[in-house]
Amino acid sequence: MGAKRNPSLVAGLAIVGILTGVFILGFLFTPYDANLMDLSSRFLSPSAAHPFGTDNFGRDVLSRVMIGTRTAFLVGLLTVLIGGSAGLAIGATAGYSGGLVDEAAMRLMDAMMAFPGILLALVVVTVLGPGTGKLILALGLMFVPSFARIARGGFLQYRDREFVLSARSWGAGPVRIMALHILPNAASPMIVAASVGFANAVIAEASLSYLGIGVQPPDPSWGRMLSESQAFLFKAPWCTLAPAVAIALAVLGFNLLGDGIRAARKGGGQ
Amino acid sequence: METPAKENLLEVKGLSLAFGPKDKPLFAVENLDLSLGAGEILGVVGESGCGKTLSALAVIGLLPPGCRIEAGSIRFLGQELSGLRGDGMRGLRGREIAMIFQEPATALNPVQTIGAQIVEPLLLHTAMTMKEARAEALSIMTKVGFAGVERLYGVYPHQLSGGMRQRAMIAMAIACKPRLIIADEPTTALDATIQAQILELLVRINRDYGMAILLISHDLGVVGGLCGRVAVMYAGSVVEEASTTELFRDPVHPYTKGLIASRPTKESKGRPLYSIPGAVPRLGHKPSGCPFMPRCGSAVPSCALERPDSLEVGPGHEARCPPEAEKRRRVDE
Amino acid sequence: MSEKPYLVEVRDLRKYYPIPRPHPFAGRRYVKAVDGCSFGIREGEIFGLVGESGCGKSTTGRMAAGLEIPTAGSVNFSGFPVAGAGREEARVMRRSMQIVFQDPAGALNPRMRVGTILEEPLRIQRIGNRDERRERVAEMLDLVGLDGSLLGRYPRELSGGQRQRVVIGAALMLDPRFLVADEPVSALDVSVQSQILNLLMELRGKLGLTMLFISHNLDVVRYVSDRVAVMYLGRIVETASVGDLFDSPLHPYTRALMSAIPGPAGASGSSGSGRAGGRVVLRGDPPNPAEVPSGCPFHPRCPKAADLCAVKVPESERVGNHGSGRFVRCFFPG
Amino acid sequence: MSAQYLIRRFLTLIVTVVLVSILAFAAFNVLPGDPALTILGVEASPEKLAALHARLGLDLPLPERYLVWVSGLLRGDLGTSIRFSQPVAALLSSRLEVTLALSFLAFAMILVVSLPLGLIAARNRGRPWDLAVGLGTQLGMAIPPFLLGILLILVFSVILRWASPAAYVSPRESLPGFLACLILPAVAVAVPKAAVVARFLRSSLLDQMGSDYVRTALSKGNTAKRAVYRHALKNALIPVVTVLGVTAADIIAGSLVVEQVFNLPGLGRLLVSSIGYRDFPLIQAMVIYIAVAVALINFLVDLLYRAVDPRIRL
């Protein structure tokens, strides 16, 4: 796909590529130990030594942001995997079998959709207490209804297509038909939804951590960095800007990737 | 190609339509000649991809994005249309030239009532008030075969059958009494019995209002039953043109003969059907010389040299095939 | 008319689709897509099923191919009921009954290469190993007149005619004895149409195929069929040998269908000459299968309708001697 | 809009709301095992545990507890808050006006901004205006509400020194003051959603502009502009209604978070602060309140969608 014809895909891949690089790099090397406190060098403005400056405990903001990508990617990936697989299973079965199964599944999805994302996470945190694992479970749950709807749409559209009827006439069972015949054709809207879902998961994690009920210390989180730095927003704005840009970049990257895939698959995915 | 004295309603000469970059144009229509007198019904028949729909869209100035008029002229009532850009054609569209499309299911605005869509051309092109336009629309609806027009005026397209939707489409087209109606496969999406009704309606409109009709179709039967003259198109140009009876009685161009022979009839029962070998060349893969040569039984080496010209093979009968024209000349001597 | 037993016998076939009810207590209403269809097809015979859109011919075809379970009535394949078959029986029957569809673009999985599509039936039925399957696919490509180089191509890279050849090839991979062809040539241009019709007739000769040929195009049905049934609003209104039907149509709807065949008046050798008893242009639109008119469903549009027709439903009566296998469902045939 | 259709849609709403209540009830009573233990903490003495059990009626069998809870809900008795030991209903009503006002303001902003933007972008496909809107909306979507809120505070309070974030003015004191302090938070909530709606309207309009009936409109003599406004636009707006439905739910979620950023005494802040106190009755009531509201919104949007599109009038 030439850059000229699909700028979103190229830009998306570039940004996501950079973030993945930082994510991997974060495991091996960070300029400073992200949690190393040095009270003598508090609130240092961005400099060669500390490109993103230091925070109220003298910790290097760049290192903390690098480590932060770990949580963002972890949460994003697992949310899309959990929510995506559950959503696909429910949506595909509902779309392919239709009738009562479809009606029941859709009513359940409507009910789950009534809980706006953050609310679902709030409930889980209240009841089970905060924690990264529980957060991922909650976000995965939040992602199920929207993904199920998309999967259902795809399977409903292809269920009665003639090449599916042909496969049935050759004796193929429902599982084979759904997996081998329908899924490859109905996949592109789901891949787009997964990419956009990743972006939404990053936003949700950051929002919850900002509220203090998301990822708990010592796990790193851009959201928590934002809430901690808000107090000294006037004195050290860079402590706020660094995680802010990181979040925006991650979300922008995955949204662009989603647009790019949609444009690319539009031709082939007929 | 000069036709009799009276000024032709529509005169298309050497029309070429192309896609793709300026330097490497892909010709979908090449050196097309068509002419239509007032009140005449001309059939344009050809298989998918031969450029018949594009030519029609060029006449009414609605070419799809990416397709442009590379050469040639389109004169309507003496006025040159090919140069008009953007809304230049607006004055003519709907008032002097109207179009009927193939898919009645999608060619009507689904969220607007039939009545509102029929009065629209009247409101656009005449000084009629809404009340006058509504009355006129009701009378047109009756003419095209609607029963209970008062109720149907306020109905939405999805509440009508395919046949009724096509009648609504025709009503819109003839609202301003245009001189030319371009009908692009008007009955292809309809069943045989409904198709017969719509074709009969088109004949009645031509007779009652004297509107010329350019009927485009892939079905020789439809064209044969309705049109005075027929032009057969292949790979972007007219390969043969004649009166309907002449064309069916004595087809000259090998492609026309192949088309007529391929149709299953009473006599072909039990024997393999004649079928033209090979396939229509795809856009951009046209061979040099005569495009039909690779599939032609009576081709001669000179056919591969350059594009053949359209030659006279009888009164008002032309074919773009030198070898066949030559045979006719020797027979006539 | 040899007295061979029917390979495929359809008895009083019905298919009703429930209309969504506003609330659980509302009365049930149905769309009667197929409302009592019976016919029999002998080994090696091509049986034409003709009618306008919405008459239920495709639904009948799918039930005959065992792809759709009838609401009532039965389909027997060489004596065995298709519906109630056990697992193993169903597998054998699955192989011997295949279907070909109209829209070459929709009938092939856009994301599968031609080779994979042709191999899929064998993989599903677990026939032979990889090499044997590959060889069988190559043979089939040759049989349906396609070049081996197409194996790696995707359907969108093929022409309409080539795609339809792949569809037919795939349907024949399991060596079926019975093929349902649902409008196989309607989406093709005339020149390609004749190539595919020739292919079907050739395959019928070589493989001894028995076919149910469904189409709205009378010219095509007359060319391919040995016997023909005409359907209107879910019911068969007339059945006859192709010669009888086209030479002396009895049911008014059959005559109307024939006179609606577009064609130049009086042109030689054209289909128009099949027109018997002058041109009958039907008035009105085909009624909605959800609201079937009382009595004979055709009476609102029938030029010969009498009061009786609006009240009583005509039965399908045999015409002529026992062997003629000719039926018509009308009070005033002829 | 036929009566039959209304009945059917209403029945599905009832089913959805019942399911919502079951999910909420299960979340707070089944998931945590013994809610009393979770509320009082592990060291709580057995007597205290027993007392709480009795007060919250935890010893009844589950279905019965659910029915008691639901009947209370219907009578408007949402139980009493542990932290404030006041009826939950009273606590909610005072904070509701903040969240509602914020949500409506944000929704209004979305409508005012996204519709023209989507239209301009579609009308100038490929040209500078389209690219500008494309870029702008892409950025808009990338900045979540709470982040945009912080950035707005940074710009307007830190740099421009216009507004000080802590100045909440209750509507009773001065309505303009109240609305003024909601402007920034509403913008923070509205921008990302406006971007989504604008992009959706653009693609929906482009689809419709390529349709057959627009070509018919042109063939009747309409100018390109008229064909878009009189024909394509209405068809394009129909699917946008469904997106607005989903957006409404997101706006409520967004305002919950933004209230924290701007220190607005709305439902959101109350909800978040109650978590620390394990105030089950209060949280459960609020969760139900919001979920039912969202279900209602989706129901109304669905009806609006059907009313606008004549094809679906069953």
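See the values below:
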| read-out | value |
| --- | --- |
| Qualifying position, being surrounded by fewer than 18 Cβ atoms within 10 Å (Cβ to Cβ) and more than 22 Å from C:Leu209 (Cβ to Cβ), among C:Asp12, C:Asp35 | C:Asp12 |
| Sole residue being touching a helix residue (DSSP H, G or I) at 6+ places or on another chain (Cβ under 6 Å) and at the interface with another protein chain (Cβ under 8 Å from one of its Cβ atoms), chosen from D:Ala236, D:Ala217 | D:Ala217 |
| Residues (touching a residue at least 40 places away in the same chain (Cβ under 8 Å), more than 17 Å from the chain's Cα centre (by Cα) and within 11 Å of another protein chain (Cβ to nearest Cβ)) located in the stretch B:164-189 | B:Arg165, B:Ala168, B:Met172, B:Ala175, B:Cys176 |
| Elements of type helices (runs of 4 or more DSSP H) in the stretch C:34-140, at least 3 residues being of a type in the set (Val, Ile, Thr) | C:114-124 |
| Filtered residues of the stretch C:241-258 (kept if within 16 Å of C:Arg318 (Cβ to Cβ) and touching a Pro at 6+ places or on another chain (Cβ under 8 Å)) | C:Leu250, C:His251 |
| Condition broken by C:Pro262, with the remaining ones in (1) under 24 Å from C:Gly284 (Cα atoms); (2) at the interface with another protein chain (Cβ under 8 Å from one of its Cβ atoms); (3) under 19 Å from the mean Cα position of the chain (by Cα) satisfied | (3) |
| Residue match in the stretch B:101-109 (condition: crowded, with 19+ Cβ neighbours inside 10 Å, within 14 Å of chain D (Cβ to nearest Cβ) and among the aliphatic types (A, V, I, L, M)) | yes |
| Extreme residue, surrounded by the fewest Cβ atoms within 10 Å (Cβ to Cβ), among residues of the stretch C:193-227 that are of a type in the set (D, E, K, R) and assigned to a helix (DSSP H, G or I) | C:Lys206 |
| Selected residue [at the interface with chain A (Cβ under 10 Å from one of its Cβ atoms), closer than 24 Å to D:Arg83 by Cα and under 16 Å from the mean Cα position of the chain (by Cα)] from D:Ala249, D:Ala253 | D:Ala253 |
| Boolean, A:Leu208 is in contact (Cβ under 8 Å) with a residue 60 or more places away in the chain and under 16 Å from the mean Cα position of the chain (by Cα) | yes |
| Members of the stretch A:36-74 found to be in a loop (DSSP other than H, G, I, E, B) and either under 19 Å from A:Ala248 (Cβ atoms) or touching a residue at least 40 places away in the same chain (Cβ under 8 Å) (or both), listed by number | A:Phe43, A:Ser45, A:Pro46, A:Pro51, A:Phe52, A:Gly53, A:Asp55, A:Asn56 |
| Residues that are more than 18 Å from the chain's Cα centre (by Cα), more than 14 Å from chain D (Cβ to nearest Cβ), closer than 25 Å to D:Arg226 by Cα and not in a strand (DSSP E or B), drawn from the stretch B:66-96 | B:Gly83 |
| Some residue of the stretch D:251-261 being part of a loop (DSSP other than H, G, I, E, B), touching a Lys or Arg at 6+ places or on another chain (Cβ under 6 Å), over 26 Å from D:Asp130 (Cβ atoms) and of a type outside the set (Val, Ile, Thr) | no |
| Residue that is farthest from C:Gly243 (Cα to Cα) [pool: residues in the stretch B:266-296 that are part of a loop (DSSP other than H, G, I, E, B) and of a type in the set (Lys, Arg)] | B:Lys286 |
| Helices (runs of 4 or more DSSP H) lying entirely in the stretch A:75-190 (those with 3 or more residues that are in contact (Cβ under 8 Å) with a residue 24 or more places away in the chain and crowded, with 20+ Cβ neighbours inside 10 Å) | A:99-113, A:117-128, A:132-159 |
| Leading residue by the ranking (surrounded by the fewest Cβ atoms within 10 Å (Cβ to Cβ)) among those in the stretch D:275-314 that are more than 30 Å from D:Lys234 (Cβ to Cβ) and facing chain A (nearest Cβ under 8 Å) | D:Val292 |
| Any hit, the stretch A:247-267, residues being of a type in the set (Val, Ile, Thr), touching a Phe, Trp or Tyr at 6+ places or on another chain (Cβ under 7 Å), under 23 Å from A:Ser8 (Cβ atoms) and surrounded by 20 or more Cβ atoms within 10 Å (Cβ to Cβ) | yes |
| Residue check, B:Met141 touching a Pro at 6+ places or on another chain (Cβ under 7 Å) and buried (at least 20 other Cβ atoms within 10 Å of the Cβ) | no |
| Matching entry among A:Thr30, A:Thr69 (being of a type in the set (S, T, N, Q), crowded, with 19+ Cβ neighbours inside 10 Å and on the phi < 0 side of the Ramachandran plot) | A:Thr69 |
| Hits in the stretch B:268-285 (condition: charged (D, E, K, R) and modelled with pLDDT under 85) | B:Arg282 |
| Residue under evaluation B:Thr245, criteria (1) hydroxyl-bearing (Ser, Thr, Tyr); (2) closer than 30 Å to B:Cys176 by Cβ; (3) within 11 Å of chain C (Cβ to nearest Cβ), criterion not met | (2) |
| Scan of the stretch B:186-203 for residues that are crowded, with 21+ Cβ neighbours inside 10 Å and of a type in the set (D, E, K, R), ordered by number | B:Asp191 |
| Scope the stretch C:145-196; condition at the interface with another protein chain (Cβ under 8 Å from one of its Cβ atoms) and in contact with a strand residue (DSSP E or B) (Cβ under 7 Å, 6 or more places away or on another chain); matching residues | C:Val167, C:Ala171, C:Leu174 |
| Residue in the stretch D:151-165 that is away from chain A (no Cβ under 14 Å), among the hydrophobic types (A, V, I, L, M, F, W, C), free of Cβ contacts under 8 Å to residues at least 60 places away in the same chain and out of contact with any Ser or Thr (no Cβ under 7 Å at 6 or more places or on another chain) present | yes |
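The values are calculated or read from the model by the stated rules, or taken from the named source; none is laboratory data. Values in this document were obtained by computation on a predicted structure and should not be read as measured data. Note that we place each Cβ from the backbone using ideal geometry, even for glycine, and neighbour counts take in every protein chain shown.
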